[in-house]
1. Which FRET efficiency value, to the nearest 0.05, is calculated for Lys32 and Met279 with the Förster distance at 22 angstrom and r the Cβ-Cβ distance?
2. Tell me, what is the 1.4 Å probe accessible area of Lys281, in Å² to the nearest 10?
3. Per residue of segment 160-167, in order, report the coupling 6.51 cos²θ - 1.76 cosθ + 1.60 (Karplus, θ = phi - 60°) as ³J(HN,Hα) in whole Hz, putting x for Gly and Pro.
4. If R₀ is 30 angstrom, what is the calculated FRET efficiency for the pair Glu174 and Thr41, using the beta carbon separation as r and rounding to 0.05?
5. Roughly what % of DSSP beta bridges within segment 179-274 run antiparallel, to the nearest 5?
6. Assuming R0 = 45 Å, what is the FRET efficiency of Phe65 and Lys294, from their Cβ-Cβ distance, to the nearest 0.05?
7. Counting only C-alpha contacts under 8 Å and six or more residues apart, can you give the relative contact order of segment 181-262 as a whole percent?
8. Excluding Ile123 itself, what net charge comes from residues whose Cβ is under 9 Å from its Cβ, given Lys and Arg +1 and Asp and Glu -1?
Amino acid sequence: MQKITPHLWFDTEAKEAAEFYTSLLPNSKIRKVTTLHNTPTGDCDVVSFELSGQSFMAISAGPLFKFNPSVSFHIKCKTKEEVDALWGKLVIGGKVLMELGSYPFSERYGWVQDKYGLSWQVIYAGNNEIKQKITPVLMFTGDVAGRAEEAINFYTSVFHNTTAQILARYGKGEEPDKEGTVKYAHVVLEGQDFGTMDSAREHNFGFNEAISFIINCDSQEEIDYYWEKLSAVPESEQCGWLKDKFGFSWQVSPTGLDEMMTKGTPEQIDRVTQVFLKMKKFNLAELQKAYEGK
């Protein structure tokens, strides 16, 4: 199982959006749609899907959070024609953030918010090998602008199988960005690619719960480890969710819960749901008891 899974929070469109995204790329599919009943926001569809073989999750849980470009998804393409084809579909009903065109870092690139508000950076990779088709990119803005390098060092200390490379830094004359802060960095956590960047411009947006990363844990010990290392905002702890010191949201979740929600009967799923809704950090043993009806 993929260790870190992007999780997307929609108002009501999770299934519709997953169908749209899986239509864009080969080796993509919807794995499972589960409906959770009697949650604080009513009945919620939870959608598990794959894009180019990479795992994603989505939930329809009401209008509490909205996507913004502080987290985007970088799609690497083998040809310029592939860039243009993806762009043509993503831009319909969306908003262009950087026009499709030629840039110093790529001959064909564009940044767009799609019709659901999710941000995509579509780029021609040239002769570079594409090891991971889609790369989540975190942009540090507002109160955390200039802290991307600190975050890189922190995340690589917490996770395993990590590397980091700062590919470009801001120089003189690129104000408001401070000289030496991160223009773009490539980070590997648990063998998965991520991007990070600083932006000190006045964006009026930052990290929120609309996009979080699920950490799939095989044991209670692993849950405890990541919870202790990452949680920095006690009031944000709920249902396995936490916020780290940079304001980014993570979900520390047992792989056993995914199996329960995938293989369980409607009655088992409802029992487990009502138990985990009352939890902050997940207790795997209590979830198992609820699943078994004990």
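1. 0.50
2. So the heavy atoms of Lys281 present about 80 Å² to solvent.
3. 10, 6, 10, 8, 8, 9, 7, 7
4. After rounding to 0.05, the efficiency reads 0.10.
5. Around 65 percent of the beta bridges assigned by DSSP in segment 179-274 are antiparallel ones.
6. It comes out at approximately 0.85.
7. It rounds to 26 percent for segment 181-262.
8. Here the charged neighbours net out to +2.
The values are calculated or read from the model by the stated rules, or taken from the named source; none is laboratory data. Just so it is clear, the structure is predicted and the values come from calculations on it, not from any experiment. FYI the Cβ positions are ideal-geometry reconstructions off the backbone, even for glycines, and counts take in every protein chain you see. These area figures cover heavy atoms from the full protein model, side chains too; ligands, DNA and RNA do not enter into them. Shrake-Rupley method; radii C 1.70, N 1.55, O 1.52, S 1.80 Å.
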